[in-house]
1. Taking the stretch 73-87, which residues are open to solvent by 30 Å² or more (accessible area, probe 1.4 Å), touching a residue at least 40 places away in the same chain (Cβ under 8 Å) and not acidic (D, E)?
2. Please verify whether D14 is in a loop (DSSP other than H, G, I, E, B) and among the acidic types (D, E), treating the condition exactly as stated.
3. Looking at the stretch 144-160 only, could you name the residues that are free of Cβ contacts under 8 Å to residues at least 12 places away in the same chain and either more than 20 Å from G85 (Cα to Cα) or over 16 Å from the mean Cα position of the chain (by Cα) (or both)?
4. Just checking, how many residues over the stretch 119-139 are assigned to a helix (DSSP H, G or I) and either open to solvent by less than 60 Å² (accessible area, probe 1.4 Å) or acidic (D, E) (or both)?
5. Under 6 Å by Cβ, and 6 or more places apart or on different chains, what pairs join a residue from the stretch 94-111 that is modelled with pLDDT under 90 and part of a helix (DSSP H, G or I) with one that is open to solvent by 30 Å² or more (accessible area, probe 1.4 Å) and small (G, A, S)?
6. Go through (1) touching a residue at least 12 places away in the same chain (Cβ under 8 Å); (2) open to solvent by less than 20 Å² (accessible area, probe 1.4 Å); (3) not acidic (D, E) for A30 and report which single condition fails.
7. Taking into account only those residues within the stretch 33-66 that are closer than 13 Å to I116 by Cβ and in contact with a Lys or Arg (Cβ under 9 Å, 6 or more places away or on another chain), which is least open to solvent (accessible area, probe 1.4 Å)?
8. Please pick out the residue among A98, A90 that is surrounded by 18 or more Cβ atoms within 10 Å (Cβ to Cβ) and of a type outside the set (V, I, T).
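The values are calculated or read from the model by the stated rules, or taken from the named source; none is laboratory data. On a predicted model such as this, the values are computed, not experimentally measured, just so you know. In this analysis, Cβ positions are derived from the backbone assuming ideal geometry, glycine residues included, and neighbour counts consider all displayed protein chains. SASA here: full protein model, heavy atoms, side chains in, ligands and nucleic acids out. Shrake-Rupley method; radii C 1.70, N 1.55, O 1.52, S 1.80 Å.
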Amino acid sequence: MADPRQDILACACDLYLSHGLDGFSMRGLAKEVGVTAPALYRHYDGREAVLADVMREAHRAFISYIYRALEAPTPLERFVRAGEGYLDFAIEHPRWYAMMFSGPERLGMVAIPEDIEAMGSAIHQFWIDRVGECMRAGILIEGDPLQISFTMWAHAHGMVQLFHQGRLGKDVDAFRSLFRESGHRLMAGVATKEFAVQLTDGAKQSPSPVELQTTT
């Protein structure tokens with residue numbers, strides 16, 4: 001038997017991804033679902049509750065993109081593939097991406113629900129773990145994985161925001177190249193001396209970091 005709440009969530013995600021927060025309303029959602037607005041309230045208390053479920057769906061999708069990296073065999077490959085998953089999600093789901101990094105007031109919420117905060121914390125820890133294992137493998141310089149991961153995320157998030165705002169053009173392939181080249185330069189700044197030499201020597205051919213041979 002079909003779950004009406006799942007049908008509503010599917011339509012809510014489509015509505016949000018098509019029109020964003022400003023175009024999201026219970027009346028509009030009811031039209032998408034094919035019911036009256038009051039009928040929605042049998043399943044959701046209101047717009048805030050629906051948006052919370054949409055945010056949960058966004059987090060689940062993001063996690064599925066980046067956690068694929070865990071299938072890779074080495075710390076460096078896991079690090080690079082996680083970054084690729086991040087970029088793919090940000091490009092393919094710009095509204096979900098923006099929603100995940102919006103404050104509760106922007107979403108009309110009093111506070112982000114605790115379970116969603118926990119999902120965000122798990123994602124944050126995932127990045128810290130990737131940085132930490134690269135440090136232990138001699139790829140990144142020793143330091144605080146939390147601080148280094150924050151620096152890397154700020155760099156990636158800033159570039160994605162500029163692209164979403166149209167400040168870096170609209171060509172997706174060109175942005176992917178720019179994102180990777182900029183990440184390559186950042187990586188060189190926090191790499192160990194040995195790995196930094198490999199990055200510099202390989203820059204003429206512009207390989208991805210995962211193509212560079214490491215001793216791990």
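1. Matches in the stretch 73-87: T74, R78, F79, R81.
2. Working: in a loop (DSSP other than H, G, I, E, B): no; among the acidic types (D, E): yes.
For D14, the condition - in a loop (DSSP other than H, G, I, E, B) and among the acidic types (D, E) - is not met.
3. Result: D144, Q147.
4. Final tally of qualifying residues: 14.
5. P104/A111
6. (1)
7. A58
8. On the way: A98 fails: surrounded by 18 or more Cβ atoms within 10 Å (Cβ to Cβ).
Answer to the check: A90.
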